[in-house]
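Report on the following structure.
No lab work stands behind these numbers, since they all come straight from the coordinates. The structure presented is a predicted model; accordingly, all values stated were derived computationally and were not measured. So basically every Cβ, Gly included, is an ideal-geometry build from the backbone, and we count neighbours across all protein chains shown.
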Amino acid sequence: DLARLEGFEVIFRQQPKLSTGHHFGSRLVFDRDGNLFVALGENNQRPTAQDMDKHQGKVVRIRPDGQALADNPFVDQQGVPPEIWSLGHRNQQGAAINPWTGELWTHEHGPRGGDEINLPKPGRNYGWPLATHGINYNGQPIPEATGEVVEGSEAPHHVWVDSPGVSGMAFYDAERFPAWQHNLFIGALVDRSLIRLQLDGDEIAHEERLLKELGARVRDVRLGPDGYLYLLTDSDDGQLLRVGLEAD
């Protein structure tokens, strides 16, 4: 009767339990084979993103029953959880499978500046907190950082030096609005807008900020089966918005 949830089981739990109430990350996306990527934050404890015995600051990849896949990059490495797919992430707030390539895309909050998009590859290190385009909220450098990109880490696929506060991510591959084909939509909490990124293959050819007149913190973005975008706003009187293009 859709009135209750029952018969559930835990298939994955982030370990260890370190949460300080910040940087949860945690976006879920299934790939084409039905396996699950979980994008996790570093719980505002920067070094955990590089600690290989912890899930914090990682992308993990599991089967629907919660087991690690045999071809995960660290599955045979002692002392490393076999679920780990990639590392060096800060506070991941968006994840989606590119419908044209099948690849995972994620984005994450930088500190003060340096929000970024990544295409996490197996076993790769995306740098945090050793590499960042941002600084601390008090205006000081990140203590562990040694540059924007450091040896052994991957450069961001795209970076915003001025953080829009990215949140939510959806590729547009519906037929309803052809002008939006091969676009990527991302919510913005700080900029209070919907970011439209026009793609040329995997490259970002153009960026536009939409809906700024609403002044809404956009928390999540999804493509509906009807070809419209659905947005969740983040406020005491949060809304579910349906967004499309006007007819010519």
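Across R46, R90, R32, mean-square fluctuation computed from a Gaussian network of the chain (C-alpha pairs under 10 Å connected) peaks at R32.
Of the GluC sites (Glu not before Pro) found in segment 178-248, the ones in coil according to DSSP and having at most 13 other Cβ atoms within 10 Å of their Cβ are E246.
Does segment 1-86 come out rounded, prolate or oblate by the C-alpha gyration tensor, with a ≥ b ≥ c the root eigenvalues, rounded set by a/c under 1.5 and, if not, prolate when a/b is larger than b/c and oblate if not? Write out the running numbers ahead of the final one.
Numbers: a/c = 2.06, a/b = 1.22, b/c = 1.68.
Oblate, since a/c reaches 1.5 and b/c is not below a/b.
Show me the chymotrypsin sites (Phe, Trp or Tyr not before Pro) within segment 31-116 that DSSP assigns to loop and that have at most 15 other Cβ atoms within 10 Å of their Cβ.
On the way: sites: F37, F74, W85, W100, W105; in loops: F74, W100.
Sparse-neighbourhood loop chymotrypsin sites (Phe, Trp or Tyr not before Pro): W100.
Candidates G168, I186, Q50 compared by Cα position along the dipole of the chain: farthest toward the positive end lies Q50, with charges placed on Cβ. Under the convention that each Lys and Arg Cβ holds +1 and each Asp and Glu Cβ holds -1, the size of the dipole of segment 88-243 around its Cα centre is about 300 debye. Here the contact order of the chain, divided by its residue count and restricted to Cα pairs under 8 Å and six or more residues apart, works out to 11 percent. Note on the chain: with a GNM built from Cα contacts shorter than 10 Å, the maximum mean-square fluctuation among I195, I84, I135 falls on I135.
Among G102, G127, G21, the largest mean-square fluctuation in a Gaussian network model of the chain, built with springs joining Cα atoms closer than 10 Å, belongs to G21. The stretch between Q140 and T101 holds 10.1 nm of extra length on full extension. This uses 0.36 nm per residue minus the Cα-Cα distance. Taking 0.36 nm per residue of sequence separation and removing the Cα-Cα distance, the R242/R13 pair yields an extension gain of 79.1 nm. With neighbours defined as other Cβ atoms within 10 Å of a residue's Cβ, the residues H23, H157, H206 order from fewest to most as H206, H157, H23.
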